[in-house]
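Right, one structure below, let's go through it.
The values are calculated or read from the model by the stated rules, or taken from the named source; none is laboratory data. Just so you know, these numbers come straight off a predicted model, no measurement behind them. Cβ coordinates were reconstructed from backbone atoms using ideal geometry, including for glycine residues, and neighbour counts include every protein chain displayed.
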């Protein structure tokens, strides 16, 4: 009994020592965390804030009003600006019921506006398992005052990856959603078959977003963690561009143009940099279609021979391409480019990083990408920053860049 | 008293076990130099991974097998996730048996700065591995390490 008591005392002392050590360690970690974020005004932010949001998307409507969709906490919000980003309206919540949202880097809520003024929003809901998600869609028919309860667009609703949504609407009002989907990977696994990457699926709504058709597959074996992009051709059919897996893990880019309202055509390979890597690059491509029907593409690759940012265009829907042009400073982490083409005017924007600060850089062409201006620095930040975007109203082109905690600002790139 | 003693013993043993696994440390400016400094004249393997990167799990599976074969392999694992993910990172490391591995997670909102400090030519693709020899010459590899590359490096 005495021995037991003594042992108990020894344990008690040791326990106290261990407990104390744990407490000190936890305090230390807490201090580290506090120091890390002390300089951020967003720490104190309680209500929805564009400056402190994640990954906004931006678009102008026909009247020149700038519309934004962004994620804050577990909601998507929409607001607008009538003075090119000087002031913003009070945000309106899209999903009234909170849910986790993928909103960082390659993932962001999307916003497009139909010619009739209806606003369409999509995003990827984060589910309980890693990599799992649902493609969500909501719309507003009253100019952004109210949004419909979000629907799940992927008709395969097992908890797996349906992510990296891309959204577009054409002049007829057809709404296209494309995304990366792992239903075929699951099927292959169950059958004991190998399957590399994800698949590219799409859905179309021809009733203004009330419903979407049965999901259809565009291609197997896409890269699984890069953004997908859709642009609308002048015949009102969508063109989808994504990072694909060719052969033994060569991660170049592929494109498809739809043959008809509901059916994609042939998948074409559009980059040949031979980046062979079994990895997640987290660098998706960009695509813009000018009103002369020329497609303008940007992408990133990191192969030993051919690396960095590239630009190319095609006037024949991908049958032939211009020789890809390298741009940006590879030694300064040039990445995350966007392209916007309006007539013969083509604008590029991207990010560079010198070890201390991130810089937003642009250059443009007035002859459909034959010749280019010198790169021009638009802004910089030492803090966390999003990938840049390009938008245009009826006169001017703007770069937009979300810098965490700062005013969401437009940078004019001039008339188009 | 005996019951209390047993209870305290159990608590103590549990606490000890919990402490026995290496905590995930925060990788911030200077941490890369610290990792190198602690391994002077030692070869080691530095691997960056993320909870959000499917190929990274293949890499961790392969590394777990290699460590069983070569327990002397000095592995440093750095997650590029956020400090909010520490619990999940720890769970995953435990699942792969990496309880004794030197493990880190990127400081929040500093991924770009940290990547640049480690290697300006790394564009964030994951997994990203660095094979260091004892003179600290390093070989950078993007994507899943091939076991033969690792074995060749170990045998050097």
Touching a helix residue (DSSP H, G or I) at 6+ places or on another chain (Cβ under 7 Å), within 14 Å of another protein chain (Cβ to nearest Cβ), modelled with pLDDT of 50 or more and surrounded by 11 or more Cβ atoms within 10 Å (Cβ to Cβ) - does that describe any residue in region A:31-50?
-> yes
Within region A:275-295, identify whether any single residue is outside the structural domain of residue A:369 (by TED's automatic domain parsing), in a loop (DSSP other than H, G, I, E, B) and farther than 26 Å from residue A:352 by Cβ, and answer yes or no.
-> yes
Among the candidates A:307, A:282, single out the residue that is in contact with a strand residue (DSSP E or B) (Cβ under 8 Å, 6 or more places away or on another chain) and more than 26 Å from residue A:176 (Cβ to Cβ).
-> A:307
Looking at A:356, A:351, which one is within 14 Å of chain B (Cβ to nearest Cβ), more than 21 Å from the chain's Cα centre (by Cα) and under 27 Å from residue A:53 (Cβ atoms)?
-> A:356
Please determine, by comparing only the residues of region A:232-256 that are surrounded by fewer than 21 Cβ atoms within 10 Å (Cβ to Cβ) and part of a strand (DSSP E or B), which one is nearest to the other protein chains (Cβ to nearest Cβ).
-> A:250
So which residues in region A:314-329 are outside any loop (DSSP other than H, G, I, E, B), over 22 Å from the mean Cα position of the chain (by Cα) and surrounded by 16 or more Cβ atoms within 10 Å (Cβ to Cβ)?
-> A:314, A:325
Right, residue A:340: on the phi < 0 side of the Ramachandran plot, within 11 Å of chain B (Cβ to nearest Cβ), surrounded by 17 or more Cβ atoms within 10 Å (Cβ to Cβ) and part of a strand (DSSP E or B) or not?
-> no
Residues of region B:89-103 being away from every other protein chain (no Cβ under 12 Å) and either touching a strand residue (DSSP E or B) at 6+ places or on another chain (Cβ under 7 Å) or touching a residue at least 40 places away in the same chain (Cβ under 8 Å) (or both), in sequence order, are B:90, B:93, B:94, B:98, B:99, B:100, B:101, B:102, B:103
